[in-house]
1. I need the full set of residues from the range 132-147 which are surrounded by fewer than 20 Cβ atoms within 10 Å (Cβ to Cβ) and aliphatic (A, V, I, L, M), in order please.
2. Consider the range 323-356. How many of its residues are surrounded by fewer than 18 Cβ atoms within 10 Å (Cβ to Cβ) and of a type in the set (Phe, Trp, Tyr)?
3. Considering every residue within the range 54-63, establish whether at least one is more than 21 Å from GLY174 (Cβ to Cβ) and either outside any helix (DSSP H, G or I) or in contact (Cβ under 8 Å) with a residue 60 or more places away in the chain (or both).
4. Looking at ARG366, ARG266, which one is of a type in the set (Lys, Arg), within 22 Å of ASP244 (Cβ to Cβ) and in a helix (DSSP H, G or I)?
5. Quickly run through the range 267-286 and pick out the residues that are surrounded by 22 or more Cβ atoms within 10 Å (Cβ to Cβ) and modelled with pLDDT under 95.
6. When GLY208 is evaluated against the numbered criteria (1) at pLDDT 95 or above; (2) in a loop (DSSP other than H, G, I, E, B), which criterion, by number, is the only one it fails?
7. If only one of TYR84, TYR169 is assigned to a helix (DSSP H, G or I) and at pLDDT 95 or above, which one is it?
8. Please determine, by comparing only the residues of the range 1-47 that are without any contact (Cβ under 8 Å) to a residue 24 or more places away in the chain and part of a loop (DSSP other than H, G, I, E, B), which one is surrounded by the most Cβ atoms within 10 Å (Cβ to Cβ).
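The values are calculated or read from the model by the stated rules, or taken from the named source; none is laboratory data. What you see is a predicted model, and the numbers here were worked out from it, not measured in a lab. Cβ placement follows ideal geometry from the backbone for every residue including glycine, while neighbour counts extend to all protein chains displayed.
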Amino acid sequence: MKVTFPHMGNAWIVIQALLENLAVDYVVPPPNSKETLNIGTQLAPESFCLPLKLNLGNFVQAAAQGADTALITGGIGPCRFGYYGEMEREILQEAGYPFDVITLEPPDGSLLGLTERIRKLAGAKNTWNRILKAMLFAYRKSVVLDQIEDRFHGFRPLVKDAKLADHLYEEAKGRLVQAMTDQGMKDVLQWLKEEMEQKLGNSAGYEGEELLKIAVVGEIYTLLEPFISMDVEKELGNLGAVVDRSIYLSGWVGQHVFRGLAQGYRPLKSYYSLAKPYLGHFVGGHAQETIGAAIKFAQEGYDGVVQLLPLGCMPEIVASSILPKVQEDYGIPIMTLTVDEHTGKAGVQTRIEAFVDLLERSRLKRRVNNEGVLDLAGK
């Protein structure tokens, strides 16, 4: 058995840690690309979700490297993600790829059920104790990964050279991949802290300016996977905005895989009570998280919110129909970006730049209204 898994942003770092600790043979598929999407688009019906098409492309590319077993997470409720495992198995087998698909989800709502599925993956050579330790270590690595990603949200708009931030980000991820102990992960965070402080001292930008704060909310795959989000977080940072997002990997794992027993770097629990006046029940996917997070960011003084969703995502369509009411009630601008296989980066970039310009003008107008005067420098 040689296992592979679909890409979802940097989640591969965490899955790799789990598989290595269980001594499972695995293949990391090539990063998502136009080729990946083309493969999946040819295999899947046109109306299928964009994430599913990319999953299929990942599996086919991994099959070329000897993979024969696909590992994915699962879901419940109206979101079609809960059916991915079976749909992908059938599509792959019909296309001549006899994949076995292992879906990591608590089938009976218990962690024991989840552990039993990991036991199938791990094989008889791994004891229950080793499986549990591997799961917990992978989870802790996901928390550190989220901390790294969030640190770059604040770092990127402060440096003049975007390539400097890109290089440091890739080096931090590489160091985390190599860290296979808790102390090793702590060392990565400390190294990153020192590097950021040094680089900010040598290459700072936006001195004395109050930076825009923009939140990104929406469907988790589109949030975490930069290929289909068109690097929205990175581009906003390069435009001088501090970015935050509604869902981080460890928060999602803690809530949906560990059933709330672990909270993750950014717990999701607070979103549900905030969303309740607007969406009082579960409709699948992350609709409640999207609504609740938009409210939370508005309460925290963010200048704007961007919602990301793949075309046809039913839960996020529900959320997008509610967000105008949130915008009206909380006075925060909200822009929705829907992506599919035909979406171009240039078009998304243009919309992002226009949204940032709108927010800057709005903030300037508020400053003029509050101060009653504006000098020639716009301060």
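1. Of the range 132-147, the ones surrounded by fewer than 20 Cβ atoms within 10 Å (Cβ to Cβ) are 132-133, 136-137, 140, 147.
LEU132, LEU136 - these are the residues of the range 132-147 that are surrounded by fewer than 20 Cβ atoms within 10 Å (Cβ to Cβ) and aliphatic (A, V, I, L, M).
2. Final tally of qualifying residues: 1.
3. Yes, because at least one residue in the range 54-63 is more than 21 Å from GLY174 (Cβ to Cβ) and either outside any helix (DSSP H, G or I) or in contact (Cβ under 8 Å) with a residue 60 or more places away in the chain (or both).
4. Working: ARG266 fails: in a helix (DSSP H, G or I).
Step by step, each of ARG366, ARG266 is checked, and only ARG366 is of a type in the set (Lys, Arg), within 22 Å of ASP244 (Cβ to Cβ) and in a helix (DSSP H, G or I).
5. LEU268, GLY285, HIS286, listed by residue number.
6. Among (1) at pLDDT 95 or above; (2) in a loop (DSSP other than H, G, I, E, B), GLY208 violates only (1).
7. Working: TYR84 fails: at pLDDT 95 or above.
Criteria check complete, one pass: TYR169.
8. Looking at residues that are without any contact (Cβ under 8 Å) to a residue 24 or more places away in the chain and part of a loop (DSSP other than H, G, I, E, B), I get PRO45.
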